[in-house]
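See structure below.
The values are calculated or read from the model by the stated rules, or taken from the named source; none is laboratory data. Treat the numbers as computed from the prediction; the structure is a model and nothing was measured. Glycine also receives a Cβ, built like all others from the backbone with ideal geometry; neighbour counts cover every protein chain displayed.
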Amino acid sequence: MRWQGGEGGGNIEDRRGMGAVGVGGLGVGGVVLALVGYFFFGIDPSTTMGVVNGAAPQVQQEGVRGTPADEAGRFVDVVGHNVDQVWESQMRGYRPPDAIVIYDQATGTGCGMGQSAMGPFYCPADRKVYLDLSFWQELETKFGAGGEAARAYVIAHEIGHHVQNLTGASEQAQRMGAKGAESGSVRLELQADCYAGVWAAHASAVSNGQVSLDPRDIEDGLRAASAVGDDTLQRKSQGQVMPDAFTHGSSEQRMRWFRKGAETGNPEACDTFGTNRL
């Protein structure tokens, strides 16, 4: 994947090295519940944390704003800015997330306590994406999805949730329910996968080729989408597949919707709420 000559947006809030800031308000039981929800059922951590905390705000300590000096931080900045550029070209009135927060171990969020073990997530309450960069290693070793394109897919997927927050799709999903193969949660996640594909289709055009993906990179993105399918995760953790507990969609579905976005480049093709075939 080409990105090192790309432009950064400076929309990074770097909390690395600050320790577990903003930890008040969530007990050990809440952390365990959130971890179980993520690893066994794929539940969005922001949902679990909101329930545990009663949506109580956390005391948050601001990190350093701007473009990080290290390569890993710059990668997130360049890719995140590129994703924002794509959505500015595709969506009238698009407003970027308030920040992409990179942290380690734990941090306070508008949705409750964020833990690195939960993986990347978007918090609609404060309009920020949260990412512990140690997840990149886990993505490769635990999920078998290595490479920069797989990492970029994750960033694009989470910013896709921000787009859904702006369009009202997130509220629509909540009204439809959080579990099951046809649930609002599954439709929301598959749409975010499709939106990640839309980004991949336009990444080069909006950056004059400074950020671009070749066919092999697209395959890396597909591999990442497949690795975090509900059926794959359930089979690894429980030894069986339970569609009634799906929250993100199967591996086949996640790959198919990512590919659809990448091939069409059209956000309107990502209408997972208006189709009978997920």
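Being more than 20 Å from Glu189 (Cβ to Cβ) and in contact with a Cys (Cβ under 9 Å, 6 or more places away or on another chain) is not true of Gly66. The selection criterion, being out of contact with any strand residue (DSSP E or B) (no Cβ under 7 Å at 6 or more places or on another chain), among the polar types (S, T, N, Q), farther than 26 Å from Phe75 by Cβ and buried (at least 17 other Cβ atoms within 10 Å of the Cβ), holds for Ser170.
Restricting attention to the stretch 257-266 and to residues that are surrounded by fewer than 20 Cβ atoms within 10 Å (Cβ to Cβ) and either hydroxyl-bearing (Ser, Thr, Tyr) or within 22 Å of Ser185 (Cβ to Cβ) (or both), the residue that is farthest from the chain's Cα centre (by Cα) turns out to be Thr264.
I'd like to know if the stretch 237-255 contains one or more residues that are free of Cβ contacts under 8 Å to residues at least 12 places away in the same chain and of a type in the set (Lys, Arg). Walk me through how you get there before you give the answer.
Taking the stretch 237-255 first, the residues free of Cβ contacts under 8 Å to residues at least 12 places away in the same chain are 239-242.
From what is left, the residues that are of a type in the set (Lys, Arg) are none.
For the stretch 237-255, residues free of Cβ contacts under 8 Å to residues at least 12 places away in the same chain and of a type in the set (Lys, Arg): absent.
Residue by residue, here is whether (1) surrounded by fewer than 24 Cβ atoms within 10 Å (Cβ to Cβ); (2) in contact (Cβ under 8 Å) with a residue 24 or more places away in the chain holds:
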{"site": "Ala106", "(1), (2)": "yes, yes"}
{"site": "Met118", "(1), (2)": "no, yes"}
{"site": "Asp126", "(1), (2)": "yes, yes"}
{"site": "Asp132", "(1), (2)": "yes, yes"}
{"site": "Glu138", "(1), (2)": "yes, no"}
{"site": "Lys142", "(1), (2)": "yes, no"}
{"site": "Gly180", "(1), (2)": "yes, yes"}
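Residue-level check: of (1) hydrophobic (A, V, I, L, M, F, W, C); (2) buried (at least 24 other Cβ atoms within 10 Å of the Cβ); (3) over 26 Å from Asp70 (Cβ atoms), Met91 misses just (2). Of everything in the stretch 181-229, what is basic (Lys, Arg) and farther than 11 Å from Tyr153 by Cβ? Give them in sequence order. Answer for the stretch 181-229, where residues must be basic (Lys, Arg) and farther than 11 Å from Tyr153 by Cβ: Arg187, Arg216.
Of the helices (runs of 4 or more DSSP H) lying entirely inside the stretch 1-101, the ones with 3 or more residues being at pLDDT 95 or above are found at 71-90. When residues in the stretch 144-161 are screened for being modelled with pLDDT under 90 and buried (at least 22 other Cβ atoms within 10 Å of the Cβ), 1 of them pass.
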